[in-house]
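The values are calculated or read from the model by the stated rules, or taken from the named source; none is laboratory data. Fair warning: this is a prediction, and the values are worked out from it, not measured in the lab. With ligands, DNA and RNA removed, areas are computed over all heavy atoms of the protein, side chains included. Shrake-Rupley method; radii C 1.70, N 1.55, O 1.52, S 1.80 Å.
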Amino acid sequence: VDNIVDFITLCLEHPKAGNNTFMVSDGEDLSTPELIRRLALSMDNSPHLFPFPKQLVRYGGLLLGKKEMVERLYGSLQIDSGKVRRELSWSPPVPVNEGLLKTARWYLHNA
């Protein structure tokens, strides 16, 4: 949240931001398992991940008509935020782990 608020604030003030579309990220690409690991650790939990044959899940998804869902689950979303870094000189002020820790604390406090 801190990073997106920082970015939006910059866009409101920066003269080159108008009439542009920017892709932003926290600056670190994480796989789904790595994101789960880091979230669990930030909540003082052990991540309970176990290996499962990807091809078996993909085949099951195909049989059940859920191929796209399986691909989203096993794939990793990667954002190229190079444009915003070049044109607006923006970089995320909050590192990924710190943001996950803040999110976990907020969730645990409000759950």
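Within the accessible area of the chain, the carbon and sulfur atoms contribute 58%, probe 1.4 Å, all protein chains present.
Between region 1-61 and region 66-84, the C-alpha centres lie 10 angstrom from each other.
Enter the accessible area per residue of the chain (Å², integer; probe 1.4 Å; all protein chains in place).
Numbers: 8520 Å² over 111 residues.
Averaged over the residues of the chain, the accessible area is 77 Å².
Scaled to the compact-protein estimate 2.2 N^0.38 Å, what is the alpha-carbon radius of gyration of the chain, rounded to two decimal places?
On the way: Rg = 17.8 Å, N = 111, 2.2 N^0.38 = 13.2 Å.
Compactness ratio reported: 1.35.
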